Amino acid sequence: MAMEAIDGDSSHIDSARKAIIETLKDEILGILLRNSNLTKKQFESFLIGSLSPDFFDRGFASRGRPMLRTDRSSLSRGSFDSTLIQARKNITEAIYTILMLGYTGLLESPQLEPFLEVGNRLRSYSESRGNRITDQDHIASGVISDKLIEIVEEMIGRAKRKTV
């Protein structure tokens, strides 16, 4: 998501919010989010927090980030920061969980190759898709979704999957 710096201009904020809404509409992202340990609000806050240095003027970032959340037109900085802190905590815990399972041998494959494989496929799909959505994208999305589920289930010994 490439954007110019935002200095508080409401048209820039609206543009940034629209870009975030489009990002959140991605079908694969929806599948990943539903099966993650983050809420949509936490992910959105993390996304905004991660990207804010790229599209906010330095002095406006702390006040501007809450304005980009798509679920409200107004959100306090404290509320936004609280959600962002929870998202970072959940992400950190997820990483430690994967490392712990690999360390103790409880993952079928403690290697990183399956993660890298599915990550590379997801990145390729995302980059090739760009801003256009076609029928082929929906077919590719289904194939990627099935492969993602297969890799994750193999890694955890065929545990029951969540609804996708």
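The values are calculated or read from the model by the stated rules, or taken from the named source; none is laboratory data. Note that the coordinates shown come from a computational prediction; the quantities given were computed from them, not determined experimentally. As a convention, Cβ positions derive from the backbone with ideal geometry for all residues, glycine included, and neighbour counts pool all protein chains shown.
Can you tell me which residue within the range 1-20, out of those that are in a helix (DSSP H, G or I) and under 21 Å from residue 124 (Cα atoms), is modelled with the lowest pLDDT? Among those residues, the one meeting the criterion is 19.
Quick check on my filter: what residues within the range 23-52 are within 19 Å of residue 124 (Cβ to Cβ) and assigned to a helix (DSSP H, G or I)?
Answer for the range 23-52, where residues must be within 19 Å of residue 124 (Cβ to Cβ) and assigned to a helix (DSSP H, G or I): 23, 27, 28, 29, 30, 31, 32.
Here residue 70 fulfils each of the conditions (1) part of a loop (DSSP other than H, G, I, E, B); (2) modelled with pLDDT under 85 apart from (2).
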